[in-house]
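Read the structure below first, then the notes.
Laboratory data are not the source of any read-out in this text; all were calculated from the coordinates shown. The structure displayed is predicted, hence computed values, not measured ones. Cβ: placed from backbone, ideal geometry, glycine included. Neighbour counts: every protein chain shown.
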């Protein structure tokens, strides 16, 4: 089954968008996972006749970000619900931004990076003037 999400909080519902409170933080520190408490409601149910399924679309009706101890509690609740639903654990599974002990791989340089390094090296130590042999006649 598929569930779609409509996340736009309209101007009329601005007071229920707690993300506004941390807007500067989101801009200054865009990386990392953050946690929030959300409320949602069913916006509509689409009847996909050809596929023989009904697809609900939910709308976020209220969101409040949490941090510190509250974020720890929300993360624990999220991990517990995920394990109940899937049988898998979130603990120990690295995210995209985690560095696993001992693993610090640097990606291969791109072609543009190699050319820039070559250009910098050439500018740092100019090549000697060319000498031609068999010169005078």
Checklist line | Calculated FRET efficiency for the pair residue 112/residue 90, C-beta based, R₀ 35 Å, to 0.05 | finding: 0.40
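Write down the Kirkwood hydrodynamic radius of region 4-98, to one decimal in angstroms, obtained as one divided by the mean of 1/r over all alpha carbon pairs.
Its Kirkwood hydrodynamic radius stands at 15.9 Å.
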